[in-house]
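Have a look at the structure below before the remarks.
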């Protein structure tokens with residue numbers, strides 16, 4: 001099916017809606033986690049819970065975090081651009097690189113300019129200031145999303161599942177290592193999702209006239225797995241956080257082990273669910289943004 005003007009217009013509206021939803025999500029995460037006592041308490045309780053079973057997961061956590069660096073980001077960006085170029089997709093290569101660069105630069109700028117008020121909830125880290133969004137989570141998520149964009153159709157579905165899993169693992173690892181609060185990782189994923197929507201709009205308006213969309217190219221199975229799984233994980237995280245919100249009168253360092261575990265596990269579920277939903281937002285329109293070409 002040839003891509004028509006009306007189809008492009010509706011796709012553009014859908015992408016703008018996804019960008020707006022994720023921007024609103026970022027705003028809510030930022031306001032609640034940084035500027036409310038309850039939000040800061042929940043983040044601190046989750047960080048305190050990372051001590052449970054840390055000896056058993058310390059080695060894999062270190063491996064995941066050590067793999068995320070400026071050098072690895074540059075190498076991954078070059079590989080992703082090369083994949084698009086050997087497929088003859090120059091615009092796709094430029095857009096994927098722009099997505100990675102834009103998401104990571106935005107993350108660092110936000111971390112620098114956003115202010116975290118000190119409510120006396122986490123005195124050990126009060127001197128560190130703001131850590132939202134997480135740079136490590138942004139690197140992992142942006143690379144995963146960009147790779148899904150440039151891969152051929154047959155590899156996208158598996159890459160989306162593995163990429164979302166890798167980025168989610170990196171986000172949870174920053175929590176397990178005590179480097180970042182859970183809201184930092186979720187905010188980073190939303191920044192990547194916003195840039196993915198912007199990248200989608202660029203791809204849409206640079207699409208060639210002979211581009212063709214096949215409904216069969218929509219990756220429905222992966223969409224269901226990521227979408228439903230992400231929604232269920234976010235609901236589980238919401239239920240855990242709602243239960244914890246009734247205990248904010250107790251200082252985080254005085255919470256029982258069971259409560260700390262629920263805080264940590266619920267936050268890990270929320271991080272994983274957020275990344276799954278971000279990848280869903282990418283995959284749902286990808287067959288229209290990078291369609292087959294006639295000839």
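The values are calculated or read from the model by the stated rules, or taken from the named source; none is laboratory data. Not measured: the values here are computed from a predicted model. Positions of Cβ are generated from backbone atoms using ideal geometry, with glycine treated the same way; all protein chains shown enter the neighbour counts.
Here are the numbers:
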| item | result |
| --- | --- |
| Which listed residue is without any contact (Cβ under 8 Å) to a residue 60 or more places away in the chain, part of a helix (DSSP H, G or I) and buried (at least 23 other Cβ atoms within 10 Å of the Cβ), from 146, 138, 167, 160 | 138 |
| Residue 197 being assigned to a helix (DSSP H, G or I), in contact with a helix residue (DSSP H, G or I) (Cβ under 9 Å, 6 or more places away or on another chain), under 25 Å from residue 264 (Cβ atoms) and at pLDDT 95 or above | no |
| Filter result for residue 34 (part of a helix (DSSP H, G or I), modelled with pLDDT of 95 or more and either closer than 23 Å to residue 175 by Cβ or touching a helix residue (DSSP H, G or I) at 6+ places or on another chain (Cβ under 6 Å) (or both)) | yes |
| Options 241, 226, 277, 232; residue that is surrounded by 13 or more Cβ atoms within 10 Å (Cβ to Cβ), modelled with pLDDT under 95, out of contact with any strand residue (DSSP E or B) (no Cβ under 9 Å at 6 or more places or on another chain) and not in a loop (DSSP other than H, G, I, E, B) | 241 |
